[in-house]
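The values are calculated or read from the model by the stated rules, or taken from the named source; none is laboratory data. Here the structure is a predicted model, which means the values were calculated and not measured. Reconstructed Cβ throughout: ideal geometry from the backbone, glycine too, with neighbour counts over all protein chains shown. Heads up: the accessible areas ignore ligands, DNA and RNA and are worked out on the full protein's heavy atoms, side chains in. Shrake-Rupley method; radii C 1.70, N 1.55, O 1.52, S 1.80 Å.
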Amino acid sequence: MAAVLWSSAFSLNASAAPAPVFVLNSLDASVSVVDPVTWVETKRLPTGKEPHHLYMTPDEKSVIVANAFGDSLTFIDPRTAEIQRTVKGIPDPYHLRFSPDMKWFVTAGNRLNHVDIYRWDGANPTLAKRIATGKTPSHLWIDTKSTTVYSSMQDSDELVAIDLATQAVKWRIKTGPMPADVFGTGDDRFLLVGMTGGENVEVYDVTGPQPRLAKKIKTGQGAHAFRAAGDKRHVYVSNRVANTIGKLDLQTLEVVDSYSVPGGPDCVDVMADGKTLLVSSRWAKRLSVLDTVTKKVVHQVKVGKSPHGVWTLDHAPR
């Protein structure tokens, strides 16, 4: 009986344990697993070459790490941090995203200049269409109705829209220098695009047959990656060269706050408490943990070379 009680208690404690934080070390071909209580790296998981971004599967049982130069996907259990399997033969998956209706899995081939649209059967991707794009597709966004994929073109300075029904490019527009991450408002009216080669977030109205540049928001040099704050009103943007994180109001399209984060802040996640930001400090080989209430970096965890994507299952609402 005592053994049974101990086993039950152990199971309850294990299920109540916070989910680990994952940091992708792009130049080490590995994932750092960080304990969000002690803020120490507990282990490193091997991946394919150049893991840059990651995304959770629709059933929430796996987080997929996209290995761009490894031409593969690594599936990891988001709670136990154990590698589940590797899917090979996925050419250059630099960035990745599932459509909200969970029917499509889309990757951006950063070095191969294409966007791939895969059918998703709940377990495996099957290529439906490879679409030639501009030079160096970087980041993806899919609208809430699962009708349109948007992709930034890092080296041809463009934003491209792809129709999911026809799987063809429906429009493209020139942007500022080195567009990176793309973020859509909940009503599908605006797209925000970070200009890594500049200091602005460009806002496009995409409600018409052709997009229209609606506004430029000065956030800081090297505007790069977005993450929703969890309150359905604000979004954070990393400014990699300025070493800051900006907070944008999606209703006014203005910067409402700013935080200093060292080491080239790149990707961001927001923990479930809504006030703790996880930031990959790209040039410092660190995971930086920011308290947005005190505006201080409260932890820095040593990870691998060129940390890029960062993610935890215990995150604020998207």
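Charged side chains reduced to their Cβ positions (Lys and Arg at +1, Asp and Glu at -1) give the chain a dipole of some 400 debye around its Cα centre.
For LEU112, the accessible surface of its heavy atoms amounts to roughly 80 Å² (probe 1.4 Å, protein chains only, rounded to the nearest 10).
Quick check: residue separation of LYS305 and LYS129 times 0.36 nm, minus the Cα distance between them. What number comes out in nm?
Details: separation 176, 0.36 × 176 = 63.36 nm, distance 3.37 nm.
So the extension gain works out to 60.0 nm.
Potential lengthening of the chain between ASP101 and GLU60 amounts to 13.3 nm, from the contour at 0.36 nm per residue minus the alpha-carbon distance. For ASP314, the residues whose amide H sits under 5 Å from its own are ALA19, ignoring neighbours fewer than 5 places away on the same chain, with H placed 1.01 Å from N.
Please say if segment 76-206 is rounded, prolate or oblate, where rounded means a/c under 1.5 for a ≥ b ≥ c the square roots of the C-alpha gyration tensor eigenvalues, and otherwise the choice is prolate for a/b larger than b/c and oblate otherwise? Before the final figure, lay out the partial values.
Numbers: a/c = 1.58, a/b = 1.50, b/c = 1.05.
Since a/c reaches 1.5 and a/b is larger than b/c, the shape of segment 76-206 is classed as prolate.
Rounded to the nearest 20, the Cβ-based charge dipole of segment 70-173 about its Cα centre (Lys and Arg +1, Asp and Glu -1) stands at 180 debye.
Distance from the Cα centroid of segment 262-318 to that of segment 112-141 is 28 Å (rounded to whole angstrom).
If you take all other residues with their beta carbon under 9 Å from the beta carbon of GLU158, and give Lys and Arg +1 and Asp and Glu -1, the sum is +2. Taking the chain as a Gaussian network of alpha-carbon nodes connected by springs under 10 Å, the highest mean-square fluctuation of the residues GLU60, GLU254, GLU41 belongs to GLU60.
When the pairs LYS174/LYS218; LYS170/LYS218; LYS170/LYS232; LYS216/LYS247; LYS103/LYS247; LYS135/LYS170 are compared against a 26 Å limit on Cα-Cα distance, LYS170/LYS218; LYS170/LYS232; LYS103/LYS247 fall above it.
So if we plug the beta-carbon distance of VAL293 and THR166 into 1/(1 + (r/R0)^6) with R0 = 51 Å, what FRET efficiency do we get, rounded to 0.05? Efficiency, rounded to the nearest 0.05: 0.60.
Taking a ≥ b ≥ c as the square roots of the eigenvalues of the Cα gyration tensor, segment 274-318 is classed as oblate, since a/c reaches at least 1.5 and a/b does not exceed b/c. For segment 156-170, backbone phi angles converted through the Karplus equation (6.51, -1.76, 1.60; θ = phi - 60°) give residue-by-residue couplings of 10, 6, 9, 10, 10, 10, 10, 7, 6, 5, 8, 6, 9, 5, 9 Hz, Gly and Pro being listed as x. Note on GLN251 and ASP231: their simple-model spin labels are 1.0 nm apart, each label 7 Å out from Cα toward Cβ.
Relative to the longest principal axis of the Cα atoms of the chain, helix 2-16 runs at roughly 20 degrees. Share of carbon and sulfur in the accessible area of the chain stands at 53%, probe radius 1.4 Å.
Residues considered: VAL87, VAL268, VAL65. Largest GNM mean-square fluctuation over the chain, using C-alpha springs under 10 Å, is found at VAL87. Taking Lys and Arg as +1 and Asp and Glu as -1, the other residues whose beta-carbon sits under 14 Å from that of LEU96 total -4.
Close amide-amide hydrogen proximity is noted between THR148 and ASP143, LEU164, each under 5 Å apart and 5 or more residues distant or on a separate chain (H modeled in the peptide plane; Pro and chain starts excluded).
What does the net charge come to around HIS114 if you take all other residues with beta carbon closer than 12 Å to its beta carbon, with K and R at +1 and D and E at -1?
Result for the neighbourhood of HIS114: +2.
The spacing between segment 143-169 and segment 218-242, judged by their C-alpha centroids, is 21 Å. Is the shape of segment 205-277 best called rounded, prolate or oblate, per the rule: a/c under 1.5 gives rounded, else a/b larger than b/c gives prolate, else oblate, with a ≥ b ≥ c the square roots of the Cα gyration tensor eigenvalues? Oblate is the answer for segment 205-277, as a/c is 1.5 or above yet b/c matches or exceeds a/b.
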